[in-house]
Structure formats: structure tokens, C-alpha cells
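The values are calculated or read from the model by the stated rules, or taken from the named source; none is laboratory data. Remember, predicted model here, so these are calculated numbers, not experimental data. Note: ideal-geometry Cβ built from the backbone for every residue, glycine included; neighbour counts use all protein chains shown. Side chains are part of the model used for accessible areas, which takes the heavy atoms of the whole protein and leaves out ligands, DNA and RNA. Shrake-Rupley method; radii C 1.70, N 1.55, O 1.52, S 1.80 Å.
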Amino acid sequence: MADRSTLASKLGGTWFGAGLASRDRDRLVASATLRAFGVGEILLREGGACETFGVLLSGLLGMQVLVPGRGTVTLLTVEPGDVYGWSALVPPHRSTSTVLGVEPGEALIFDASELRELLREDDALAATLYPRLLQSLGRRLTATRFQLLDLYARERDYVPW
Amino acid sequence: MVTSAPPGATFLPRERFDALLDLLREGGRTVIGPMLRDGAVMLDEIATAADLPAGWRDEQAPGHYRLSDGHGPRLFDVVNGPQSWKQLTFPPRLPVATARREEAGGASFAPVPPDPPRLAFLGVRACELAALRVQDRVLAGGTYVDEDYRARREAAIVVAVECTRAGATCFCASMGTGPEVRSGHDLVLTEVDDGFVVSAGSPAGDRLLARLPGPRATAAQIAAASGAVAATRAAMGDDAVATEGLRDRLMDKLDSPRWAEVADRCLACANCTMVCPTCFCTSTNVHSDLDGTVNVAEREWDSCFNVGFAKVAGGNFRPNRSERYRQWLTHKFATWYDQFGTSGCVGCGRCVTWCPVGIDVREELAAIAPPAIPVGRTPPRPAAATTGRFDVATLREVHAETDDTRTLRLTPGDPALLGGLPGQFVMVEQPGFPAFPISASRYGSEDLFLTVRGAGPATAAVLATPIGGEVGLRGPLGRPWPIDRALGRDVVVAAGGIGLAPLRPLIDALLADRDRFGSILLAYGARTPADQLFRDELASWATHGIEVVQIVDRSGPGWSGRVGVVTNLLDQRDFARRPSVAFVCGPERMMQATTRVLRDGGIPAERVFVSLERHMECGIGLCGHCQMGPFFICKDGPVFSLAELGDLFAREGI
Amino acid sequence: MHGTGGATREDGASHEHGGLHFEVGQLTRVEGEGSLDLRVAADGTVAAQLRIFEAPRYFERLVIGRTPDEVLDIVARICGICPVAYQMSAVHAFEDLFEVPIDAAVRALRRLMYCGEWIESHSLHIFLLHAPDFLGYPSALEMAHDHLELVGRGLAIKKLGNRIVGILGGRAIHPVSVRVGGFSRAPRAHDLDELRAPLQAAIADAEETVRWAASLDTPRSDREPRLVSLRHPSEYPMSDGRIVSSDGIDLAPSDWGRAFHEEQVPWSHALQSRAADGVPYLLGPTARVALAGDRLHPIARAALDATGISPEELRRNVFRSIVARSVELLHALAEASDIVAAYEPPAKPYAPWKPRAGIAAWATEAPRGLLFQRYRVDAAGKVRAAQIVPPTSQNQAAIEHDLALFAPAVLDLPHEEATGRLEQLIRSYDPCISCATHFLDVRIDRDR
Amino acid sequence: MAAQRPPRVGVVKLASCDGCQLTILDLEDELIAIGQRFDLVEFPEATSRRSSGPYDVLLVEGSVSTPEQLERIVELRARSKLLVTIGACATAGGIQALRNWSSEPEWRASVYPRPEEVESLATATPVAEHVTVDAELRGCPIDGRQLLELLTALRLGRRPQLPDEAVCDECKRLGRVCVLVASDMPCLGPVTATGCGALCPGYARGCYACFGPKDAANTASLASWIGKDRSPAAVDRLFAGFTGYAPAFREQSRRAIAAMQPAPRRRHPKGEAS
């Protein structure tokens, strides 16, 4: 069980946490814990209650959805420094995908209800945290659009013979 | 304003005109000049003065041309007809190369050597001389030279005629090209009441003039001549087009609503480009016998107004009429300056007269880009490539990269092709099929590696070459990756799909001098794991001092790596800590997104380099197809810095 | 209905109520689509029905509301094999009504153009369509394996015919230069020079062709047809003269309707033409050679005489039409050569004209025979009604008549062979079934 | 490259004048060579050999204008690897497609004494309206050089090089004088696909669009220019020619008919709003 200051500095070392005032970092990590995970270890389950919000410190996380007949499909991977479990902050607080380890690593995780409580009473903190969250979601949205564009697909000249 | 006729001018009485023709015909020359045909003045062989349109005059207006006779004895009162002299210096059709399939199964490729006719051009107007000067720059003044054009120019004598009448669509005075004849001619005639004041403009002209019978022109005759030309200038006026700062005014109006309005009238019929004396765009068709044994590549005039002009496999960079009209007008009056240091318009007025629906560039320019204060702009860096040469390479080995992409190991007959640089390309062909551009994916000591994706018959034909079979190559062409810019700096190499192929020789070069560069990151995005190129090499690069990060759009069996797009690999990074350089290659849309992230990450536009794709047909900047704003992708690129491209990158319809 | 005909035919002879029903599926090596139905009654008499299932194209309706010059472009499309013939009948009809004076040089060019089409059409038929019947091949391409010289000669002559029409009209099929009053553009003198040498060579080839055609052995066939063609005081009939027949008809080319009329028969899309008395009549090379042989070019006349084939044999044996056609091929080449040699460009390629209301009608000699057109024109020169009578529709009754006469001789042969013989007879007429898109009695002014 | 077994080629016709298939026989210099390299298994106009398929390549001439032809083209498509339409009738409906603007029964009645005995569809339509077409040769008739290019491309397995530009491109390359600008003759060259060799301007007359509309033809602009000093009906007749049913020209007719007062000469084609 690492002490608070270590957690705060780990948070500060990530893209998500970089530039947060130390006061804010301390308030955030007050309810945070470290979680190590291995390959294939599930951190959140699609459709399940999303009770933790996490910042990836190392390793790689995959976001999967289940397609009957095709099994689980990994749609996107999360890079260290980015976040997962945003549903913890947005109603109805259910995970939109299954989050599991792709490469072993460590995440800084926050209890959902405590984090929500904290952001409710600390408007200033909320005002700095939410834009970062939206930036991360925005990137995922853009990435998904490019995946849809299927940019690398071959554009073949139609020639019947 | 006075004409160039010096005191030493000769006077040629009109009834003695045949003496001049005889002189020009000496040594078997053919005289080509203005002759009446089908209600217009066309360029044809002039046997005697009687073939010239004596007493005829033209009435010209937008979309309107009529001739009438009975206007006295003058021979040159009709100004420009629909044909310009490019008809003779740059023929509408020309066989340029042959490709043969040999009995043995081999192949041979050869250019067609120039064989210019010996001509005398009679009646070249000032605007036409300007047009020839423009052609000289475009076709014979750059890194690459159209040998056939140069030969035809050198074989021709130019006899100019100063205009003593202006057509209603003429605006040479506005473009500063006439009506006075100043240079580019061997002889110049100015027609007065009873004959011509003749003077020379070159040593060859001096020699001809010396042998031309007739008295010295009197001061009165010379005064009459210059007076007539001055009157023409006055009649024409010089305010039809405000050329001052026109280039920048136009380029600032790429979004003008007027483009759409003129497109409603424009037929995209290409007449303006066909009659234009400086338009030089061409396409090449391959004419084969039934068995594809003998194949002749024939070049023909093409036009940026034609729908197929900017097409590449699966797309068209200029699908709309408004974009094509904008391309033409901005090229003529703006980007031409960037490319050739001169206007592409000489004010001959043909595009106005011969537009079937009477669109008048003078009006369009005034409406789109009214006069304003000029702003400077730096022209692009010249191409740093060797001149393309024809060669036959032998196929040694084929390596399947993916289901539709193969890497060919070829031994060129000409070692010069191995002297190419990372990022340069070669034109590849099989007899009977059009040639297409492929960037080298590796330079070996004896072999050239090309990674080709089957996207149509031409690529399929090359991929079908048997081991030991022959492939036609021309190159190396284009501007390479500027590796020197990366010395001592961190390097980001971002590749999408088969975009990794043109980057591989760059990576080879970086590894060869690994210690001269800072950190090297290779971010590679592919469609699926199965679509990755050079899989085993990706692994080995990772063990040789390159951080290799791979990501795929769609996960697949056995894939336990990253899923997403290349930007995901870069958008958390801070490139501002140390000076970095980025080299990016992939689909255009991928490059736009990636370069944006790189710049947000702190790499300046001058140090972000991309390699562009366009419809490349000649590979040496002479056919016009691959034009993008002020650039020819093949000659000025394909590698560009974002700074050079400016806001042209990612703009639609350019 | 589509039989498959020829080598792979499935349908055959079948007995029905005492009679024999015999069917030749889709005819091959003819232009257009037709088939043949023979009904042999119990008493042995044969009834022949030539079916033409060419889809109707309503040309007589398409030209309504059009100007004369537009009509020239439209009627050419009735037939890709003889477009010039359709343009010639129409242009003469309009010029006759509008009284347009035609320059002598223009008239010569028109004749040259018609010669070109005769050469192209006749050589196509002789060498590519008909010869395989006599030599026993499914097509000229197979025939070329063993008779390369013959096919090569035919193609060379055919190419020359196409070239003549091409020079005058821009292209051999649907030429573009014919207009009321003359041509939109007349060739310059030297434009025709390229034809001189090839024409001389082709004349020699055509003389050889006449000998060859005369030497072919033909099935027996005997008939006494009524013959109809144009006849001109001095020229071999093409665009001028009078309509004459072997039994005394003598009419102006505009008066075709006085002696002939059209009927619709239930088994065919093509209307059939009959003489007033209903007796079939025969058009084309055989008729022209019989009725105007004395107007043949001396070279052609001599070649015909040298064959030793009697006028009776030539007239009565339907299979001899290939000889008459070869003689006309030679004539067209010889006359073309004369015209080229004497050519002086006209002062103006066409004469101006003014429209006027009335009936424009004319008949000219298409390669296959008399082609008649009739237009009702309003004061503005627009067509209000049209009648187009191609040669094949006029020959159709004669073909059926000859088939009925000839059939009994072959009905007992193996089906293949019988089919071959019957097709050969039909091909002797060089039927152009694609032309069979023409109609009777257009009602007037329906158009608003 | 060249196929080991010569491709089985069929040539068939629907409603047409036979001129396009005759163009094959008019390749006099190449005909025999073509016969050696292609197996002409079905070509009724030229050979008694018959085959109901399958075909490697089927060249189809003519437009679909009878119920029987409609059935037939569907069967033929099923029996053909490649189906290539040749000529204005097959690719645009041809001159007979002008009946699509009128009442077909009325036309039939106007030309047949016993119309009920003639089988005919209400419209004459291009083949591509009924089955998939792999390639097309335009023209009325098609151009021999383009036909040869198609056959060569087939044999070499490359794309045939068929121009998609205006007649004007070719007209200017050949050094012809524009009849529209210099003689005020109505000419459809600027909106018509080339391929004919700019024939008509070369013979001092305006183009009448044998090859049909070029890609993205701006018919409205040309029509209004030509219409400056001509009646709407005259301009309409110009577009209502051998490829008048091609979409771009049909659209122009729609505009013209809508603009024409009083009642137009032609009604709107069936299946199109007035």
C-alpha cells in the first residue's frame, strides 16, 4: 500500500494528471489505490456497474465488446497516461465495454461514488477534471471515426477483365 | 511606345513578298503561315503570297468569330486564329516511346528520338512570341527537358509580324506581351500601306535580311510602322487584366462563390486549353497490336477540364467543374508564377473567342480577384532528382507481403537506378500497359526493391511477371526524404498501410548512421494484422535502436497488440522537449490527422515531411496531371514539408 | 420465336394433321432477324412464310416533325448496311419537291458515293455471306483457312467501297455529309487521288470474281419472275430514270404508289409489297441486269458476256444472283474509277433551297433493289407523314414464292442439308431484314 | 496476358440497324487475325455456327424494345462472363427510344394496319437498364478503332483506353475549325463524348451526339447559348437525337419540354414526373 504522496506523484506523471495543482492531486488520490493487473485480467465488465474510474500508469488495456458468434472484439487499446471507466462519472454508471489487460501493468483506481462525491462538492476540481476526461473521450471518438473510414482499404479500379 | 525596327530596317514592297518566301524556303524549309480554311485563319503551308489572307479581317468577341474580305491589300490584317504555334512546336499527338515484347519473352523499352521538320513560322504575333518564351521555360527550361520540343524549336525560323489591328478579345497590352515585337524572333515585319518594314532580331535574321532585296526603310516608313503599332496598343488599352499582385489575389480567393457561378456556364469542354498557346498538359495512350507485341506510347494534348485528368485508382482529386475551372484559371494566372516565374497567360484572347459559351477570363478575373496590394511568396525548392531514363530490369524474386501486395526484387540494367535516394520513385511498366509510379522500398547493392499493391490491370501485369522476366523502369524520379534535416535530432516516422514502403529506405538510412540521430520512433498503423508490411523487419528494427509501435484498425486472430489509429500512438507525446523531425507517409487523410497531432506535439511545420500521391503520368513535371497548387507532385515532390504545402494540404479540389 | 437454326438446331420437321410442318430457325448470314415457315399440305403444295421478327422501330413515326436534313440522318439508321441508299431516296425526294438545282459535279459525287455503297454491300454479300454456301463453310472466317486468297480479295474490295463512302461522308456507316442540295463539304480534287490505284486493282479482282461466280455450280431452280427496277436513258440505274418492269410498268420514281402497295401479313413484322394485281415481283441485281443490262459499263458488260451464261438462266435460276451481283460489283468499281478520273470539285458543295408544302417522293436503287420513300411536308419543310418501302419488303413475297416452288426438291433431304439449301436460296436475295421496320399508311398530323 | 484458349465471343442484336456489328466485319485489315484469336461462336450476321453459350464475351447491339428481347437479354447475361454493349441503341436506347416520350400504342396504330399483331414494349431502353453491363462502346455506329482497342484490351487483360472527354478535344487536336463559334452552326460537340474523330465538324456541320453525353455534360448551358437565336423546339430536336434518351440529354429535354409553351411536341417519357 503505497503512501499518498507516491500516488499523487504517479498521477502527476501521467498525461491525465499532468499539470493538476498539488492540492487537487492530493484530494483525488485520497480515495485512490494502486492496482496491478496481468494479461487477460478483467478490470471492468461490459454492461456491469462501473464502480471504479482508472488512470493507466503502465502496461496496456484493451476495450472489448461481445459480439455473439464472433466472440469478444477489441475495438481500442488504452495507452499509459490515459483513463478508463469514465462511465463511473456519467449516468447510468454502467461500463460500455469490457476492460482487460493486454500487457501487464498498473493502474491508479478511484472509487466511483467517492470520486463523484468529491467532484460534486469541489466545483473547481470538477472544472479542471472534466475537460481532461472529455479530451480523452474526444480522441477515442476521432479514432473510431478513422477506423470507420477504413482508410487503408484498397481502392481498386473497376475493370471487368 | 516605339517598335523595335532599327534604322537599318529594309522595306519590302508588298508585290515582292514572294522574294521573302523564296528566301525562307532555301535549304528545303517549309513555310507555315496564316491561310483561310473553313471560315477561319488556320496555320498551313504557304506556297506563294497568294495563299495569305489578303484583304481579310476578323471580327472576334466572346464565343464569336467571323471573317470578312474586301478590306484592301493587306496580308496580315487577320489577327490570331484558333491555332497557336504550339500546333507545330508541341504537336497534338506524338509517339514518345515504344515497348516491345521479344520472342525470347524479354522486353525492350525505348524513347522515340526527335525528328523535327525544318520550318519557317511566318506571321508570329508578339503574344505568340511570348507564348514561345513561356513554352521554352516550361518544356525546355527546367530540370527535365522535352527533347522533341527543343529539337522543333531549334529547327524553326521565326518571322514575326507586328499587329497593326487588334481583335476585340486581344489583351496582350495588359499582359505586357505586345503588340510591339521585342525579342524571340529572327525577322519581324510591320505592315504599312504599300509593304513591310523588315528588321532582324537574331544573327540568323541578320543573314536573311542581308539577302532580302529591297531598299532601306525610310524614316517615314519606320515612323508609319511604329505609329500603326502604337495605335493598336491604344485601341486595345492595357487595363483588361490588372496583373499587379494578381497571383496572390487569386490564391486568396480559392473559396470565392464565383467559381460555382462560372461553373454553371462552363461546359468543361477543354476548348480554352486546346487553343491556349501555353497549355501543355498531355496524356499518354498505349497503342498495341492484337498480341501486345509492339506497343507505342503516344502522347496527346489533354486538359485539366477533362474528368479523368486528376483521377487516381479509386478517386478523383477534382471531381467538380468549379474545381477544374479554378485549377485552370489559378494555374494560368497564379501558380504558373511559382512554377515558371512568369504568367501562363500571354493575352492572345483565344480562350475568350473560342469558348463555345463565351466565358471571358477578363471578366472572371475582375470578378474573382479585383485589384489589391500584392504580397510576396517564395517559390518551391527545385526538384533534386536525376533525369529519368528508360531501363529494363530483371525480376529476381517476389516476396508476398500481404494477400494483395508483393515486394519485387529487380536487377536494373542501368546502375543509375540503384543511385536513387529514399523517397524517390520509378515509373514501372509492362509492354501494352500504362506506366505507373512506385516508390523504391529498398535500394540494394545490385537490386532495387519495389513494393507493389495490385490495384488494377497495369499493376496486375507487373505482379504477373515471371521470375527472370523483365520489367520496364524509368527513374529514379522525384524529391527524396530530406534525411539531412534529421541529423542530431529525434526522428518520428509515421506510416499508414502501404505507406511504410516508401519509408523503408529512409529507415535503412537512419539505421546505417544510427548514432548520428537522436531517438527514433516508428509508429505504424495497418488495417488488420494481416495487412502489415515487412513483419519480420519490424521486429528486427525494434532490436536495433528504433522504438517500433504498431497499431491496427481492426484486431484479428492472434493479435495481442494495440488497436486504434496511428494518432493514438502520438497524441500523448511531447515532441517539444528535444528538436524533432517527422516523416509521414500513408493515405492523405491519415497524413492530415497525423501531422496535426505531430504539430500539436511540438514539431514545427518546416520539419514535418509528407509524401503525396497524385495522378502521375510522365513523372517529370511535363504532363500536368499531378499538379497541386504551385507544385507538380512528381517533380517538386512527392516529398514536401508542411510549411511548403501551407493551407493547400487538405484543401478540397486542389 | 427464336429457333437456333444452322448447325446446332434443335427443332425439326413435325407432322401435324396430315400435313408437314417444316421450320428453319433464325436465318444466319443475313442482316437482321428472320426465320422461315414452310407448310406442306397433304396434297403436296407448299406454303412458305418468311417471318421477320425484327423489332419494330417506328421510323415512319420518328421522322414526323423533323426537317428534311434531320430526316437524312434519321433514315440512314434504318440500315447499317445500306444507309446511303436511304439517304439518297430521301434527299432526291426532297430536292424533287423543292426543285433544287443540283450541280453536275455534286451529282457525280452522289453517284460515286452510291457506287461505294454498292461495292461495300455487294462484296460483303458475295464473299462473306453467300460464298460460304457454295463452298460449304459456316462462315468466311472458316472459309479463309482454305481460301485465303478469295476472302482476302473480297475484303480488299469491300474496304475500298467503305473508303469511298468514308472519304465522301466521313464514315462508311451512317455518313454525315449528305444534305438537301448537295454535300455539307465536297472533297478537294486531290482527296480522291488515293482511290485511283486501288480502283484499278479492284477492277481486275472483280473481273476475276465474275468468272469465279459464273463457275460456281448451283442447284437447279426455275422460275419466271416479274422484274422491277429503275431504267435510265444513258446510265446504269441508281438514283435516276423511271420505274420499269418486265411486264410494261413505266412510272416516274415518285409514282411508285401507283403500281404498288403494302400489306401487313400476320406472320411478320415487315409489311409486304405487292403489285396492284397481287403478283409478287423481284428487285435487285438480277432485275437490274435483266432490265438495264445494256447500260452496264463496257467492262462489266464484257465480263458478263464472257461468262456465257444466258439471260434466261441468269433470270430464271435464283442461285445465279451471285453472278449478277458480281457483274454489278465490277460495274460500280469501273464507274467509280471513271468518276474519280474526271472529278472537278463543285463551285459550291450544296445549293440553297426553300421549303414548300407538298409530297416529296422518290425511288432509288439500293444494292438490294428499289427503295421508295414518300413524305408529306408542310410549308415550313417539316415532315407530317412518311412512308418508307425498302427492297426486302418488296422482295419478300417473291422469296416466299420461290421457296414454295423450290422446297419440294429438298424436303426429302436430311434436315441439315435441306436447311442449308433453303437458307442459300433466301441468301440469294441478300435480304436486309434490319430494314424491315417500315409501315403502311401513317395517319396524318396526329402529332401535337 | 493473352489467353491460352481463344475466348468464346458472341455477337447478338436486339432492336438495331446492324451497323455496329457490321463494324466488326468492316475491320477488313484485322478481321482474319481476329478470327484466329477469338472464337466467334455466335454471330448470326456472319456465320451459320450457332451457340447458346456460355460466352466469355458477348457483344450486344440494339435496345430492348420487345417483351421477348427483355427475356432474352436476361438469359444472355446469365450465359456471359463479360457483357459489352455496342452502339447508341444498346448504350442509350438509340433513335427508337424517342418513342419513350409518346404513347407507344398510338405510334403502333399509326404505322400498322393491325397493331394488335405486333409485339412491342412501350419503351425502347438501353441494355444497362435491365442487366449489368461490364463495358460499353458508344456511337451510332461504334468506331472501328475503339472496337479494336476493346478487343486488344480484352486480349491483353488491360483497361480499354476509351476517351471520356468532349468532341472538342479531338476537334481541336485535329486542327478543325469550330463550327459553333466560326459559323454559328448548332453543335453538340462540347457536351458529347468523343470517339468519332470529331467527324461532323470535319465535314462542316454540327455534331449530333452519336456518342452520347460526355461525363458531367453541361447541357443546360449549351442549350441556352444555342437557344439565344433559335426556337426552343429547334434546340429540343437537337438533343432529341440518336442518344436523346441518355440521362443527361433526357434531363435537358425535360427542362425544354417544361419550358415550351404552348403544348410541347413531345410528352415526358413514361415513368418520369411531368
Item checked: Scan of the range D:122-163 for residues that are more than 8 Å from every other protein chain (Cβ to nearest Cβ), within 12 Å of the chain's Cα centre (by Cα) and under 17 Å from D:Ile95 (Cβ atoms), ordered by number -> D:Thr125, D:Pro126, D:Val127, D:Arg138, D:Gly139, D:Ile142
Margin query: When the residues of the range B:304-345 are narrowed to those that are of a type in the set (Ser, Thr, Tyr) and under 15 Å from the mean Cα position of the chain (by Cα), which ends up farthest from B:Asp255 (Cα to Cα)?
Written below: B:Thr342
Next item on the list: For B:Thr48, work out the one condition from (1) surrounded by fewer than 21 Cβ atoms within 10 Å (Cβ to Cβ); (2) within 30 Å of B:Phe390 (Cα to Cα); (3) more than 13 Å from chain D (Cβ to nearest Cβ) it doesn't fulfil.
Entry: (2)
Notebook entry, point to check: Looking only at the range B:100-132, which residues are assigned to a strand (DSSP E or B), modelled with pLDDT of 95 or more and at negative phi?
Noted result: B:Leu119, B:Ala120, B:Phe121, B:Leu122, B:Val124
Next item on the list: Among what's in the range D:42-65 and is open to solvent by less than 10 Å² (accessible area, probe 1.4 Å) and in a loop (DSSP other than H, G, I, E, B), pick the residue that is nearest to D:Asp143 (Cα to Cα).
Entry: D:Gly62
Notebook entry, point to check: Here is a list of conditions, (1) under 16 Å from B:Glu261 (Cα atoms); (2) part of a loop (DSSP other than H, G, I, E, B), and B:Arg324 meets all of them except one; can you say which number that is?
Noted result: (2)
Notebook entry, point to check: Residues that are within 13 Å of chain B (Cβ to nearest Cβ) and touching a strand residue (DSSP E or B) at 6+ places or on another chain (Cβ under 8 Å): which strands (runs of 3 or more DSSP E) entirely in the range A:53-161 hold 3 or more of them?
Noted result: A:60-67, A:71-78, A:98-103
Notebook entry, point to check: In the range D:222-256, what count of residues is obtained for those that are over 13 Å from D:Cys187 (Cα atoms), open to solvent by less than 10 Å² (accessible area, probe 1.4 Å) and within 12 Å of chain B (Cβ to nearest Cβ)?
Noted result: 0
Item checked: Hits in the range C:183-197 - residues which are crowded, with 20+ Cβ neighbours inside 10 Å and either polar (S, T, N, Q) or assigned to a helix (DSSP H, G or I) (or both) -> C:Ser184, C:Leu192, C:Leu195
Next item on the list: May I ask you to list the residues in the range A:1-29 that are modelled with pLDDT of 90 or more, outside any helix (DSSP H, G or I) and closer than 17 Å to A:Glu106 by Cα?
Entry: A:Gly13, A:Thr14, A:Trp15, A:Phe16, A:Gly17
Next item on the list: Report the residue count in the range C:202-218 for those that are open to solvent by 50 Å² or more (accessible area, probe 1.4 Å) and closer than 19 Å to C:Gly136 by Cβ.
Entry: 2
Notebook entry, point to check: Considering B:Asp264, B:Asp239, which residue is modelled with pLDDT under 90 and either over 23 Å from the mean Cα position of the chain (by Cα) or open to solvent by less than 20 Å² (accessible area, probe 1.4 Å) (or both)?
Noted result: B:Asp239
Notebook entry, point to check: Name the strands (runs of 3 or more DSSP E) wholly within the range B:406-482 that hold at least 2 residues that are buried (at least 23 other Cβ atoms within 10 Å of the Cβ) and of a type in the set (Ser, Thr, Tyr)?
Noted result: B:436-443
Next item on the list: Give B:Arg66, B:Arg74 a once-over and let me know the one that is more than 30 Å from B:Glu300 (Cα to Cα) and either open to solvent by less than 20 Å² (accessible area, probe 1.4 Å) or of a type outside the set (Ser, Thr, Tyr) (or both).
Entry: B:Arg74
Margin query: I'd like the full set of residues that are open to solvent by 10 Å² or more (accessible area, probe 1.4 Å), at pLDDT below 85 and more than 10 Å from every other protein chain (Cβ to nearest Cβ), limited to the range B:290-326.
Written below: B:Asn316, B:Phe317
Notebook entry, point to check: What strands (runs of 3 or more DSSP E) lie completely within the range C:258-373 and have 3 or more residues being open to solvent by less than 10 Å² (accessible area, probe 1.4 Å)?
Noted result: C:271-275, C:358-366
Item checked: Failed criterion for D:Ser274 (all others in (1) modelled with pLDDT of 85 or more; (2) hydroxyl-bearing (Ser, Thr, Tyr); (3) open to solvent by 10 Å² or more (accessible area, probe 1.4 Å) hold) -> (1)
Check: Taking into account only those residues within the range B:503-528 that are touching a helix residue (DSSP H, G or I) at 6+ places or on another chain (Cβ under 9 Å) and assigned to a helix (DSSP H, G or I), which is surrounded by the fewest Cβ atoms within 10 Å (Cβ to Cβ)?
Finding: B:Arg516
Next item on the list: Check whether at least one residue in the range D:56-79 is more than 11 Å from chain C (Cβ to nearest Cβ) and of a type in the set (Lys, Arg), and report yes or no.
Entry: yes
Checklist line | Filter result for B:Glu644 (over 30 Å from A:Pro80 (Cα atoms) and part of a loop (DSSP other than H, G, I, E, B)) | finding: no
Next item on the list: Quickly run through the range B:555-586 and pick out the residues that are open to solvent by 30 Å² or more (accessible area, probe 1.4 Å), more than 12 Å from every other protein chain (Cβ to nearest Cβ) and touching a Phe, Trp or Tyr at 6+ places or on another chain (Cβ under 8 Å).
Entry: none
Check: Somewhere in the range D:26-41, is a residue assigned to a loop (DSSP other than H, G, I, E, B), open to solvent by 40 Å² or more (accessible area, probe 1.4 Å), touching a helix residue (DSSP H, G or I) at 6+ places or on another chain (Cβ under 8 Å) and among the hydrophobic types (A, V, I, L, M, F, W, C)?
Finding: no
Next item on the list: Go through the range B:559-605 and give me each residue that's without any contact (Cβ under 8 Å) to a residue 40 or more places away in the chain and among the aromatic types (Phe, Trp, Tyr).
Entry: B:Trp559
Notebook entry, point to check: Looking at the range D:164-179, which of its residues are hydrophobic (A, V, I, L, M, F, W, C), out of contact with any Cys (no Cβ under 8 Å at 6 or more places or on another chain) and facing chain B (nearest Cβ under 7 Å)?
Noted result: D:Val177
Note to self: For the structure I just gave you, tell me whether A:Ala8 is farther than 27 Å from A:Pro131 by Cβ and in contact with an Asp or Glu (Cβ under 6 Å, 6 or more places away or on another chain).
What the structure shows: no
Notebook entry, point to check: Is there a residue being out of contact with any Lys or Arg (no Cβ under 6 Å at 6 or more places or on another chain) and free of Cβ contacts under 8 Å to residues at least 40 places away in the same chain anywhere in the range B:132-143?
Noted result: yes
Check: Does the range D:84-100 contain any residue that is at pLDDT 90 or above and more than 20 Å from the chain's Cα centre (by Cα)?
Finding: no
Next item on the list: Please indicate, with yes or no, whether at least one residue in the range B:24-35 is within 12 Å of chain D (Cβ to nearest Cβ), within 35 Å of the chain's Cα centre (by Cα) and part of a loop (DSSP other than H, G, I, E, B).
Entry: no
